[in-house]
Amino acid sequence: EAQVTQNPRYLITVTGKKLTVTCSQNMNHEYMSWYRQDPGLGLRQIYYSMNVEVTDKGDVPEGYKVSRKEKRNFPLILESPSPNQTSLYFCASSLIRGSSSYNEQFFGPGTRLTVL
Amino acid sequence: AQTVTQSQPEMSVQEAETVTLSCTYDTSESDYYLFWYKQPPSRQMILVIRQEAYKQQNATENRFSVNFQKAAKSFSLKISDSQLGDAAMYFCAYRNYYGGATNKLIFGTGTLLAVQP
């Protein structure tokens, strides 16, 4: 089954304790992205990647890191989490078939993160 | 920068009735995509419908249809014959036609739809 998986689905942690949220897709997609969802703000892009070893900042990258060492994986790293990073996080992936092509984004199931 | 606005934080509809969710957007681009996503309590993001700005015909997917008014920059979603399973958060989203590297979706703040039996 074609899918995007995220782990963990729920995480409660404390301020300053490094954590990683994993994201994996089995569709051989070049493009992967992280969004955060907050009440009253919708979803906002954190980081994206066009392919292995190619990453760039989205709209809200502060406090986050990413890496893309393998095509299927795109982990989100919070080196020193703070309470304002409490949010619902989504990973998404898609093909890149040309700049004007419609490349549907497939979303993971979401990770609910609470930083105390 | 492009923006998407959903002015209805919450709406309610009776089962079997019709409801329309509103969305407006701002862009200086002439070509772009617009989307409606459904987020049920499971939190999964589900694509409901897509509209290409260069197409004048409004998109339709079964009970879901849109009213796309390009000049007014308006993109409303109509749900006909509402069902209990339609209860969810609905997000309107925008993407530049030439998505290229970013392929970034710009989301509105969402409308929480309740369906009354």
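A compact table of results
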| read-out | value |
| --- | --- |
| Residue A:77 being β-branched (Val, Ile, Thr), within 11 Å of chain B (Cβ to nearest Cβ) and either out of contact with any Pro (no Cβ under 9 Å at 6 or more places or on another chain) or exposed (fewer than 15 other Cβ atoms within 10 Å of the Cβ) (or both) | no |
| Condition broken by residue A:15, with the remaining ones in (1) within 14 Å of chain B (Cβ to nearest Cβ); (2) in contact with a strand residue (DSSP E or B) (Cβ under 9 Å, 6 or more places away or on another chain); (3) in a loop (DSSP other than H, G, I, E, B) satisfied | (1) |
| Residues that are more than 14 Å from chain B (Cβ to nearest Cβ) and free of Cβ contacts under 8 Å to residues at least 24 places away in the same chain, drawn from segment A:85-116 | none |
| Yes/no for residue B:54 being under 16 Å from residue A:107 (Cα atoms), within 14 Å of chain A (Cβ to nearest Cβ) and either in contact (Cβ under 8 Å) with a residue 24 or more places away in the chain or in a loop (DSSP other than H, G, I, E, B) (or both) | no |
| Filter result for the condition that a residue is closer than 24 Å to residue B:98 by Cβ and among the β-branched types (Val, Ile, Thr), over B:60, B:27 | B:27 |
| Unique residue being surrounded by 15 or more Cβ atoms within 10 Å (Cβ to Cβ) and modelled with pLDDT of 95 or more when the list is B:12, B:82, B:7 | B:82 |
| In segment B:74-110, the residues that are closer than 18 Å to residue B:26 by Cα, within 14 Å of another protein chain (Cβ to nearest Cβ) and not in a loop (DSSP other than H, G, I, E, B) | B:91, B:92, B:93, B:94, B:95, B:96, B:106, B:107 |
| Some residue of segment A:51-61 being within 10 Å of chain B (Cβ to nearest Cβ), buried (at least 16 other Cβ atoms within 10 Å of the Cβ) and not hydroxyl-bearing (Ser, Thr, Tyr) | yes |
| Residue check, residue A:36 among the basic types (Lys, Arg), out of contact with any Asp or Glu (no Cβ under 9 Å at 6 or more places or on another chain) and more than 20 Å from residue B:43 (Cα to Cα) | no |
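The values are calculated or read from the model by the stated rules, or taken from the named source; none is laboratory data. In this text the structure is predicted, and so the values were computed from the model without any measurement. Because the Cβ atoms are built from the backbone with ideal geometry, glycine has one as well, and the counts that use them run over all protein chains shown.
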